[in-house]
Each structure stands twice: as structure tokens, then as C-alpha cells.
Amino acid sequence: MVNQGSPQAGNNLDPWYHHYAARAAGLKASEVRALFAVASRPEVVSLAGGMPYVAALPQDLVIDAMDRVMREKGATALQYGSGQGVPLLREQILDVMALEGIKANADDVVVTTGSQHALELVSKLFLDPGDVVISEGPSYVTSMVIFKSYQAEVDHVPMDENGLIPAALIEHITALKAAGRTIKFLYTIPSFHNPAGVTLSWQRRLEILEICRSNNILVLEDNPYGLLYFDKPAPDAIRSLERDGVVYLGTFSKTLAPGFRVGWALAPHAIREKLVLANEAAVLSPSSFTQMVISEYLSTADWKGQINTFRGVYQERKNAMLDALNEYLPDLSWTNPTGGFYVWVTLPEQLDSKAMLPRAVKELVAYTPGTAFYADGNGRQSMRLAFCYPTPDNIRTGIRRLATVIRGELDLLDTFAGTGSLGAAAERPGPGDQRYVGPPANIS
Ligand SMILES: Cc1ncc(COP(=O)(O)O)c(C=O)c1O
């Protein structure tokens, strides 16, 4: 019922409740959001948030770049700019993408306010109510918030340790077509997947592209983590294989810092034109200041060396996490990421990661339950652990606490149902137990 004009038309909590557009129904706070507010207390080890460890970036490099921009080009930096982005930065973005095999023209790059904003713009251009987006299952939380806000449905295709499974993709496309559904694009995170931590093999990149080509499905390739590999680079981007059927998203959030809010889309020419118009409609122009600071940084600093430093930091943390999992929770299974920020853990069948989270937070450790990464309620038997932010010592403490929680849950189930047990060593808090200053509540 829409009761025109009066706030009385709403409810006790929100007088405007009945005035929202239908698409606003897709904008729901995550069920675990409130808990994450608690999890941001300093004594909690948070393995939940995917926040880059920006402390590994020497601040002087940024301060110098900001200083030069303001002294030499201050008037331009503080002004509105082009809706497509600063031309020099767009040229430099080509050098970044070349590291993953992409050959492109700066004219096809659109700078956005983080790649999140590029996802929003692409969705705005393509999604009508009832459309289907195919994505990996599990997938990036906030992509699904966007797709749902455009009243599209997410259809999850399963992955294994080599990423999205081509045969399963074919099955899903066939079933969706048979049901008369409109598939608008495949949203994929091929390298160092968030949250699954797996990487799509080269062979599968070829196969998946071919499947999409032959079914006339656009590929939306989201690649925030591709340059953050540990021992060897990920296979080249899908976009390196195909120009016309792929919209590629990149960002400086993980290789530099998310506070700049600078990302980009590389799109086939016609889509690029519409993206610029959508960008202008949304923000007029992305921040000239932060684009110019990044451009200055790329021109003057050893940015590739800095990415190497980040790689070292994250590899050490990943090793700390896997070592701790092996020690404290050897009966569980988990993915072994070769880059990026995340490990995907599979729990014993009888456990429910979402139901267990309050108890984990009580034990001073937080994780993201698997259900956050599915549009269809799946994922209870899984959790995402992020190793990017806490120190190796705190990661160890966090996993030790997690083992206590899991063991407690299994003991409880044993008591009531006579099932399940973990032989693993669990936490026995000792004097060396460290208190950790955690990041603010956030799941990204
Ligand atoms: C897969 C994926 N895509 C997009 C984003 C958004 O990144 P940003 O908007 O900071 O570029 C993130 C952030 O965590 C992510 O993990």
C-alpha cells in the first residue's frame, strides 16, 4: 500500500518506508553487520575484513606525490575534471594492465570511484528487473548487493580448486535458457578469488571465454588482486584474450591504497561511451586530486617494487594462517591461495558458521560466515578467513581461538546428538595470549 505524501504512511522505524522505489528492497544490511560492530573492538582478532595492510606503504611516497601535485598543478587538481578520467592516468593504467597481458587503448579506459563504482555503473547499464547475472558460488558480497539492487537474480556456478567449472557453466546456461531467462553477463573474479582464494587456470580461461562467446554472454572480469601473487603470477587476464566481449575492472585499492577510491573499467568502445555518460550522471567526474596523486606516484615512485613489498607481506600472513590451521584445526579443509587476501574454510558437516559467529566473537575472534557470499542462502558450512590485515602473530592467536570455538561446538553437538568430534589441538589460553588492535567493522 502506498499512502501518498505523509510520513504517517510508513512504520514506526521509518516513516518513509512505503515511499522507497522497489529496487531499494535489494539494499539490505548484511545479517552479520551488527556483530561486526562488536568484532571491531580492539581485543577481537578480526579475520573478517578484507582490508589491505596500508601500513606497508611508506607514507612519504604519498606525501611527496601530494605535495608535488598541489605545488605544480594545484588549480587543476582541485577542479572538476573529465568524466572519463585524467588522460595521463589512463595511459599509465595501460602499463599496469600490461603486467597481466592486456593490450588496450587509453581511450577505452574509464576511471571510476573505485572498482565498486565501475560494478555499479555496468549494472546500471545492463540490468533490468528479472535479468540473471551468472557468478561464481561463492562470490564477492557487495557485487551481489548491487545486482540485487537492480532487481537482477544471481545464479551461482560452482568452483573447484581451478576456479569456475566450465561444464557446470554450460549446464547453468542451458537451464536458464530453457527457462526463458535473460542472462546479462558472467561476473567473474578469476585471480585469487574473493572469497574462495582460488585462481582460474589458463585452460579454463580459454574455455569459459569460448562458452560465453558462443552463448553471446558478456564477461565482466573483476580483477582487484591479480598483481598480488605469491610465487608466480596468475595466468593472464581473460581480457588479454578478447577485446569485444569483456568488460575488465581494475583498481588501485589493493596495490596502492583504497582511500584514494580510484579504480577503472576497460570496455569495448560502445560500452565505454555509455560508461562515461553514466559516470558523469553519477559523479560528474571522479576526483581529479586523487587521480593526479596516483599519476604522480606512478611517474616517480618504484610502484612495481612497492607491489613486491605487499606481496611479501601477504605471503607471510598467508603462510602464518595455513600453518596455524594445520596446527590447530588439521581435520578441516581449506583452499591454498597463491595470491590475494583470502582462505575459504570448509567446516565439518554438522557445523553452521553463521550460527557459530556470536560464540566466536565472544571468544574474541571474527570471521565472515559463508552465507554472506551466496545470494541463495548457501554457505553455512563454510567461512572466509582474511589474512591481509592482522599480523602473523595475531593470525595465529585468532586461529587458536577459532579452534576453541569449533571444538566447543562439536563437543556440544556430541553431547546432544552423539555426533562429530575433532581431534585437533584447540586453544588453551596462556600468558602469551596477545590482545590485538583490530580494524573497523567491514566486510568487503
Ligand atoms: C572482488 C572485489 N571487487 C571489487 C572490490 C571493490 O574494490 P574498490 O572499490 O576498492 O576498487 C573489492 C573490494 O574488496 C573486491 O574484493
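The values are calculated or read from the model by the stated rules, or taken from the named source; none is laboratory data. Everything numeric here is computed off the predicted structure, so don't read it as measured data. Please note: Cβ atoms are built from the backbone with ideal geometry, for glycine as well, and neighbour counts cover all protein chains shown.
Scanning segment 218-270 for residues that are hydrophobic (A, V, I, L, M, F, W, C) and out of contact with any helix residue (DSSP H, G or I) (no Cβ under 7 Å at 6 or more places or on another chain) yields a total of 4.
For segment 11-61: of the residues being of a type in the set (Ser, Thr, Tyr) and under 30 Å from Arg400 (Cα atoms), which is modelled with the lowest pLDDT?
Out of the qualifying residues, it is Ser30.
Conditions tested, residue by residue: (1) in contact with a strand residue (DSSP E or B) (Cβ under 7 Å, 6 or more places away or on another chain); (2) near the ligand (Cβ under 9 Å from one of its atoms); (3) of a type in the set (Gly, Ala, Ser); (4) at pLDDT 95 or above.
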position: Leu249; (1), (2), (3), (4): yes, yes, no, yes
position: Thr255; (1), (2), (3), (4): no, no, no, yes
position: Val262; (1), (2), (3), (4): yes, yes, no, yes
position: Pro268; (1), (2), (3), (4): no, no, no, yes
position: Ile271; (1), (2), (3), (4): yes, no, no, yes
position: Lys274; (1), (2), (3), (4): no, no, no, yes
position: Leu277; (1), (2), (3), (4): no, no, no, yes
position: Leu284; (1), (2), (3), (4): no, no, no, yes
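Restricting to segment 217-236, what's the tally of residues that are closer than 22 Å to Glu273 by Cβ and within 14 Å of the ligand (Cβ to nearest atom)? Full working, then the answer.
So in segment 217-236, the residues closer than 22 Å to Glu273 by Cβ come out as 217-222.
If we keep only those that are within 14 Å of the ligand (Cβ to nearest atom) too, we end up with 220-222.
Qualifying residue count for the region: 3.
When Glu91 is tested against (1) away from the ligand (no atom under 16 Å from the Cβ); (2) of a type outside the set (Gly, Ala, Ser); (3) buried (at least 16 other Cβ atoms within 10 Å of the Cβ), only condition (3) is not met.
Would you please name the residue that is surrounded by the most Cβ atoms within 10 Å (Cβ to Cβ), looking only at residues in segment 94-133 that are within 16 Å of the ligand (Cβ to nearest atom) and among the small types (Gly, Ala, Ser)? Only one residue fits best here, namely Ala118.
Of the residues Tyr328, Tyr389, Tyr314, which single one is touching a residue at least 40 places away in the same chain (Cβ under 8 Å) and within 23 Å of Glu136 (Cβ to Cβ)? Give the derivation first.
Numbers: Tyr328 fails: within 23 Å of Glu136 (Cβ to Cβ); Tyr389 fails: within 23 Å of Glu136 (Cβ to Cβ).
The conditions single out Tyr314.
Sub-9 Å Cβ pairs linking a first residue in segment 112-124 that is part of a helix (DSSP H, G or I) to a second residue that is among the basic types (Lys, Arg) and within 12 Å of the ligand (Cβ to nearest atom), at least 6 apart or interchain, are Gly114/Arg261; Gln116/Arg261; His117/Arg261, ordered by first then second residue.
Of Leu241, Leu329, which residue is over 21 Å from Val86 (Cβ atoms), aliphatic (A, V, I, L, M), under 24 Å from the mean Cα position of the chain (by Cα) and away from the ligand (no atom under 16 Å from the Cβ)?
Values: Leu329 fails: under 24 Å from the mean Cα position of the chain (by Cα).
Sole residue among the options that is over 21 Å from Val86 (Cβ atoms), aliphatic (A, V, I, L, M), under 24 Å from the mean Cα position of the chain (by Cα) and away from the ligand (no atom under 16 Å from the Cβ): Leu241.
Please find, within segment 216-252, the residue that is surrounded by the most Cβ atoms within 10 Å (Cβ to Cβ) out of those that are in contact with an Asp or Glu (Cβ under 8 Å, 6 or more places away or on another chain) and hydrophobic (A, V, I, L, M, F, W, C). Walk me through it before giving the result.
Within segment 216-252, the subset in contact with an Asp or Glu (Cβ under 8 Å, 6 or more places away or on another chain) is 219, 223, 226-227, 233-234, 236-240, 246-249.
Okay, now just the ones that are also hydrophobic (A, V, I, L, M, F, W, C), so 219, 227, 234, 237-238, 246-247, 249.
Working: Val219: 24, Leu227: 23, Ala234: 23, Ala237: 23, Ile238: 28, Val246: 26, Val247: 26, Leu249: 26.
This residue is Ile238.
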